[in-house]
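Data block below; observations after.
Values quoted throughout were computed directly from the atomic coordinates according to the rules given, and no laboratory measurement underlies them. Treat the numbers as computed from the prediction; the structure is a model and nothing was measured. Methodologically, a virtual Cβ is constructed for each residue, glycine included, from the backbone with ideal geometry; neighbour enumeration extends over all protein chains shown.
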């Protein structure tokens, strides 16, 4: 993260409700402005996540997605509009974020995240927020963030359920990674896609905004991190549950070498 910038009069006005929070203040807001966050996906989770991070003043927001806006996306991907159907999602997101906060630099990565480009892309950011929809991408992000020592805030949604956690296994004991929680990817039958099983549109907003909160907390260093904990939300029951995630000594990513 670069040197903390001084706040202009306009920024003091824009972020006034942050600045009056003792846990944020002017220094904290300057940290947000200096931060560089990469968001994986401009879809259901990425849409509210990007909007709230831009509104919070994250100085540089990267977004990677290689898809175009489809009419079926609009039920939950609220960063896009009907007029954006057929447009690249990252370009649609870039336009929307510029209207929310023109001070934010939006870097659009119109490409698929792969093992060949992951390190190159992630290396330029302080923190990664995962809004992807498949385990292959989640494992790739988990492993790459561990190697690069990047904090990863990850969320997932399906039907009426969502889950959220933070992974920073590179910090050592007490900090598990995604593979500690899911050593083996579930079968496709066990975890169908949103297209197959459906997803409540507002659920994406609930988890995406929770994810944005955790990103801001990690940048500011305030509150209790979700590292080592998995939060699960059941929209039908309107309930939250939490489970502790232990670091696995035999984890292929972050476990202790034999």
For the chain, what does the helix formula give at 222 nm: sum of -39500 (n - 2.57) over DSSP H segments with n ≥ 4, over the residue count, nearest 500 deg cm²/dmol?
-10000 deg cm²/dmol
Relative contact order (percent) for the range 106-258, with alpha-carbon contacts under 8 angstrom and 6 or more residues of separation?
24 percent
Residues residue 139 and residue 242, FRET efficiency given R0 of 25 Å [Cβ-Cβ distance, rounded to 0.05]:
0.60
Stick to the Cα atoms of the range 196-254, pair each with every other, and give me the Kirkwood hydrodynamic radius in Å at one decimal.
13.8 Å
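Report the gain in length on full extension from residue 235 to residue 194: 0.36 nm times residue separation, minus Cα-Cα distance, nm rounded to one decimal.
13.2 nm
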Ignoring solvent entirely, what values of log10 I(q)/I(0) come out of the Debye formula for the chain at 0.09, 0.15 Å⁻¹ when each Cα is a single scatterer?
-0.38, -1.11
Subtract the Cα-Cα distance of residue 67 and residue 184 from 0.36 nm times their separation in residues, and report this length gain in nm to one decimal.
39.4 nm
Measuring from centroid to centroid over Cα atoms, what is the spacing of the range 159-177 and the range 60-120 in Å?
25 Å
Length gained if residue 171 through residue 22 is fully extended, taking 0.36 nm per residue and subtracting the Cα-Cα distance, is 51.0 nm
Explain nothing, just the number: relative contact order of the chain, from Cα pairs under 8 Å at least 6 residues apart, as a whole percent.
18 percent
Beyond 14 Å, how much of the Cα-Cα pair distribution for the range 77-117 remains, as a whole percent?
52 percent
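Report, to two decimal places, the Cα Rg of the range 81-160 normalised by 2.2 N^0.38 Å (N = number of residues).
Output field value: 1.23.
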